[in-house]
Amino acid sequence: MSRTSLTLILAVFSFGAARAQSPAPPTFDVASLKPSPPSGADLLNINLGNLNHGVVTLANTTLSECIRYAYGLVSEDQINGPDWIRDRSLRVDITAKTSPDTPLEQVRLMMQALLAQRFHLELHREPKPLRHFDLTVSKKGLKLSESPEGGPVGRRTYNLGRLFYYHVPMGTLAVLLSRQLKQPVMDLTGLTGFYDINLEWAPDDAPPADTGVAVPVPDIFHAIEEQLGLQLEPKKTPIDVLAIDRADKVPIAN
């Protein structure tokens, strides 16, 4: 056998071995994805993504909202894709299970794999200048404590001027704030735990108090610092957005 032939064989073998050693994306132990049931209510009970003891749930979510959870995005502005990915008539419910000690970032990778499998989702990242807010810990110190083990989980109140949630990570708080502020809020707190959030503020268009003895309610920026020990700083810098190359409108259901 010539030296050239041997070199070629070794090169092919090395390439094949490298491909064989490429780690497969992590997947859930079991996952259910199906269309959300019809609802005649004006307000849907939307769950944008909750992780509790290894069980991930999303309810009444569009594909855009599923992508935001899977990739840790905080705003619709961070996704470039067809209009139908935000169509509320194409909602899905997802329940997936993994080990209770699986970290959130690993769970996000599993959700990315699930969306790629069920929606044939393909995308790439590209920078885009966007106005946004950076969420950081206030210089006066954090005023939140981590949620107790075995405590309640999920939403209690969500409306204009009030957020009351149990057992949520900072990434979820950033998403909730971005919806209120109508701009992306980037979580730069470095906090990795789960927290109970009880935030109350005066919306910009709130009517003035009709009594002289009313306790003044701060705007959202002061409320976040006074009540949570966090702060928001306005920015305009390039942010990575996800550009969708391919996605099926009808996913592969159970």
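The values are calculated or read from the model by the stated rules, or taken from the named source; none is laboratory data. Given the structure is predicted, the values throughout are model-derived calculations rather than measurements. Note that each Cβ is placed from the backbone with ideal geometry, even for glycine, and that neighbours are counted across all protein chains shown. The protein model used for the area step is the full one, side chains on, heavy atoms only, and it has no ligands, DNA or RNA in it. Shrake-Rupley method; radii C 1.70, N 1.55, O 1.52, S 1.80 Å.
Shape of the stretch 107-254 from its Cα gyration tensor (a ≥ b ≥ c, root eigenvalues): rounded if a/c is under 1.5, otherwise prolate when a/b > b/c, or oblate?
prolate
Near Arg156, the amide H atoms lying under 5 Å from its own belong to Phe164, Tyr165, Tyr166; only residues 5 or more places off or on other chains count, and H is placed 1.01 Å from N. Compared with the direct C-alpha span, the chain from Val30 to Phe164 gains 45.2 nm at full extension, assuming 0.36 nm per residue. Extending 7 Å from the Cα toward the beta-carbon at both Asp219 and Ile46 defines two label points whose distance is 2.6 nm.
Helix 170-181 axis versus longest C-alpha principal axis of the chain: approximately 60°, rounded to the nearest ten. Extension gain for the segment Asp87 to Arg125, taken as residue separation times 0.36 nm less the Cα-Cα distance, is 11.4 nm to one decimal. A 1.4 Å probe run over the chain, with the rest of the protein chains in place, finds 58 Å² accessible per residue.
Straight-line reach from Lys140: taking Cα to Cα under 23 Å and skipping same-chain neighbours fewer than 8 places apart, the lysines in range are Lys235. Taken about its Cα centre, the chain carries a charge dipole of roughly 780 debye when the Cβ of each Lys and Arg holds +1 and the Cβ of each Asp and Glu holds -1.
If the segment from Ser39 to Asp204 were pulled out straight at 0.36 nm per residue, it would be longer than the present Cα-Cα gap by 56.2 nm.
For the stretch 105-160, a crude dipole built from +1 on the beta carbon of Lys and Arg and -1 on the beta carbon of Asp and Glu, taken about the Cα centre, is about 320 debye to the nearest 20. Take the Cα of Ala253, step 7 Å toward its Cβ, do the same at Asp240, and the gap between the two points is 3.4 nm.
Sorting the segments 71-78, 182-189, 167-174, 101-108 by their residues' average number of neighbouring beta-carbon atoms within 10 angstrom, most packed first, yields 167-174, 71-78, 182-189, 101-108. Per-residue packing, averaged as other Cβ atoms within 10 Å, sorts the ranges 85-95, 29-39 into the order 85-95, 29-39, beginning with the highest. Here the chain has 54 percent of its accessible surface on carbon and sulfur atoms, given a 1.4 Å probe and all protein chains in place. Near Glu126: Cβ cut-off under 12 Å, other residues only, Lys/Arg at +1 and Asp/Glu at -1. The net charge is 0.
The computed semi-axes √(5λ) of the Cα gyration tensor in Å for the structure shown corresponds, within [x] 40, 22, 19; [y] 28, 20, 19; [z] 38, 20, 14, to [x]. Annotation: lysines with alpha-carbon distance below 23 angstrom to Lys236 (same-chain offsets under eight excluded): Lys128, Lys139, Lys182.
Comparing Tyr166, Tyr195, Gln180 along the charge dipole axis of the stretch 143-196, the residue lying farthest to the positive side is Gln180, per the Cβ-charge model. Sites listed here are GluC sites (Glu not before Pro) in the stretch 116-172 whose DSSP assignment is loop and whose Cβ has at most 15 other Cβ atoms within 10 Å: Glu149.
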